[in-house]
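Asks: Dropping a structure here in structure tokens format, bear with me for questions.
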Amino acid sequence: MYKFAHIADCHLGANREPVLQKLELAAFKNTFDKCVEKKVDFIIISGDLFHVNIPDMGVVNDLSSFSATLIRLGRGLNSAVTADKRREPKEPLQLYDFEGCPYCRKVREVLCELDLDYLSLPTARGSTRRLELRALGGKVQVPYLVDPNTGAQLYESDEIIAYLNRTYGATSRAGSARAARCAGAAPRPSGASRSACRANRRRRAARTALRCRPRPSRTCCS
């Protein structure tokens, strides 16, 4: 059973008054937030998304930002564990990153879900911090996490997420299922479970094949 949302005739950019434009975008954002909250499987957008053929770039930028949040299924919106229920680092963690990096986004989401304070060190192209990063880790690659509390210094987003879960996750885990398994939180399915999953996949494939089987042609008679 799939859960989906249907959004129609948004006409973003129809209002020219700044106050109404803000309300319009706020309503659209609330719609996206509700989709994330309800964990819909997909969204159907029909009709006119924008009011004009060439929309205002401010509206397009806002929409693309909302879309990124939706595609990530609202990651980072809610805390998996709060500071009062886990080990609190004495010094803030340091993260070398830049905004356009999808791997950095994964780490930032987990830091938010674990309610961890951290110092963001933007390392975009042209930044002088790139020399600092090379001196620390030996190469210019982000994300790069430095934990002054344990002395850990890590590249690779999945390794960083696993480390954060092991060190600061308490009984809760944040991040992908793969990272959770690395941290020892979610064991792999047993042999019986894997067999059941394979059987379910075979049954779904068989049902799909039946639905896709061509039907005999019909002749209309008068």
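The values are calculated or read from the model by the stated rules, or taken from the named source; none is laboratory data. Keep in mind that what you see is a predicted model, and the values were worked out from it rather than measured. Cβ atoms come from the backbone with ideal geometry, glycine included; neighbour counts cover every protein chain shown.
Asks: Which one of the conditions (1) out of contact with any Ser or Thr (no Cβ under 9 Å at 6 or more places or on another chain); (2) surrounded by 11 or more Cβ atoms within 10 Å (Cβ to Cβ) does Ser64 fail to meet, given that it meets all the rest?
Replies: (2)
Asks: What number of residues within segment 91-126 are of a type outside the set (A, V, I, L, M), within 14 Å of Leu154 (Cβ to Cβ) and part of a strand (DSSP E or B)?
Replies: Final tally of qualifying residues: 4.
Asks: From the set of residues in segment 104-146 that are among the small types (Gly, Ala, Ser) and surrounded by 13 or more Cβ atoms within 10 Å (Cβ to Cβ), which is farthest from Ala162 (Cα to Cα)?
Replies: Out of the qualifying residues, it is Ser127.
Asks: Any idea how many residues of segment 41-64 are within 19 Å of Asn15 (Cβ to Cβ) and of a type in the set (S, T, N, Q)?
Replies: 2
Asks: Which condition does Gly74 not pass, out of (1) part of a loop (DSSP other than H, G, I, E, B); (2) under 30 Å from Arg130 (Cα atoms); (3) of a type outside the set (A, V, I, L, M, F, W, C); (4) at pLDDT below 80, if it passes all the others?
Replies: The number of the failed condition is (2).
Asks: Restricting to segment 15-68, give me the number of residues that are under 12 Å from Ala5 (Cβ atoms) and among the hydrophobic types (A, V, I, L, M, F, W, C).
Replies: 8
Asks: Residues in segment 53-60: is at least one touching a strand residue (DSSP E or B) at 6+ places or on another chain (Cβ under 9 Å), surrounded by fewer than 14 Cβ atoms within 10 Å (Cβ to Cβ), at pLDDT 80 or above and at negative phi?
Replies: Checked segment 53-60: no residue is touching a strand residue (DSSP E or B) at 6+ places or on another chain (Cβ under 9 Å), surrounded by fewer than 14 Cβ atoms within 10 Å (Cβ to Cβ), at pLDDT 80 or above and at negative phi.
Asks: Moving on. Any chance segment 41-51 includes a residue that's at pLDDT 75 or above, surrounded by 11 or more Cβ atoms within 10 Å (Cβ to Cβ) and closer than 17 Å to Ala170 by Cβ?
Replies: No - not one qualifying residue is present in segment 41-51.
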